[in-house]
1. If you put +1 on each Lys and Arg Cβ and -1 on each Asp and Glu Cβ, how big is the dipole of the chain around its Cα centre, in Debye rounded to 20?
2. Ordered by residue, what ³J(HN,Hα) values in Hz, to whole numbers, does region 73-81 give under the Karplus form 6.51 cos²θ - 1.76 cosθ + 1.60, where θ = phi - 60° and Gly and Pro are x?
3. With labels modelled as points extended 7 Å from the Cα through the Cβ direction, what inter-label distance (nm, one decimal) is found for Asn73 paired with Arg19?
4. Carbon and sulfur: what percent of the chain's accessible surface (1.4 Å probe)?
5. Pairs of Cα atoms under 8 Å, at least six residues apart: use those to get the relative contact order of the chain, whole percent.
6. Rounded to the nearest Å, what's the spacing between the alpha carbon centres of region 40-113 and region 4-18? Just the number, please.
7. Compute the Cα gyration tensor for region 38-85, then decide on rounded, prolate or oblate, letting a ≥ b ≥ c be the square roots of its eigenvalues: rounded whenever a/c is under 1.5, prolate when a/b is larger than b/c in the other cases, and oblate in all that remain.
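The values are calculated or read from the model by the stated rules, or taken from the named source; none is laboratory data. This structure is a prediction, so every number in the text was calculated from the model and none was measured. Note: ideal-geometry Cβ built from the backbone for every residue, glycine included; neighbour counts use all protein chains shown. Ligands, DNA and RNA are excluded from the accessible area calculation, which covers all protein heavy atoms including side chains. Shrake-Rupley method; radii C 1.70, N 1.55, O 1.52, S 1.80 Å.
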Amino acid sequence: QVQLVESGGGLVQPGESLRLSCAASASILSNYGMGWYRQVPGKQREWVAGISSGGNPNYADSVKGRFTISRDNAKNMMYLQMNSLKPEDTAVYYCKSNGSPSWGQGTQVTVSS
């Protein structure tokens with residue numbers, strides 16, 4: 001069973017930045033697309049950004065131009081650079097691989113003044 005561990009969340013003020021990391025337990029994930037999702041209590045988990053096995057990114061309209069997804073297959077890592085954060089970005093962020101049904105525990109991002 002592949003394990004995913006998210007980290008890098010925290011409390012920041014509007015306009016600030018955070019970088020989230022996702023560590024995967026298996027190199028098999030380098031063969032699959034991956035993505036970042038987020039969830040607010042009481043709402044469905046939503047897709048934020050995705051990256052193909054070859055490194056091609058895609059973004060939800062709500063984060064386009066502010067977030068950057070990247071991956072390092074050699075290190076089994078994926079990242080989400082989040083700039084110009086807004087209060088509506090507050091959520092628990094999760095990473096996911098298309099090659100595994102597993103979810104990590106998530107990392108909390110809170111944007112508040």
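1. Values: 10 positive and 7 negative charges, 19 e Å.
It works out to roughly 100 debye.
2. For region 73-81, the Karplus-derived couplings read 4, 5, 9, 6, 10, 9, 10, 9, 8 Hz, x marking Gly and Pro.
3. According to this spin-label approximation, the distance is 2.2 nm.
4. Working: 2680 of 5830 Å².
Carbon and sulfur atoms account for 46 percent of the accessible area of the chain.
5. On the way: 280 pairs, mean separation 43.4, N = 113.
This gives 38 percent for the chain.
6. 11 Å
7. Details: a/c = 2.01, a/b = 1.60, b/c = 1.26.
Prolate, because a/c is 1.5 or more and a/b exceeds b/c.
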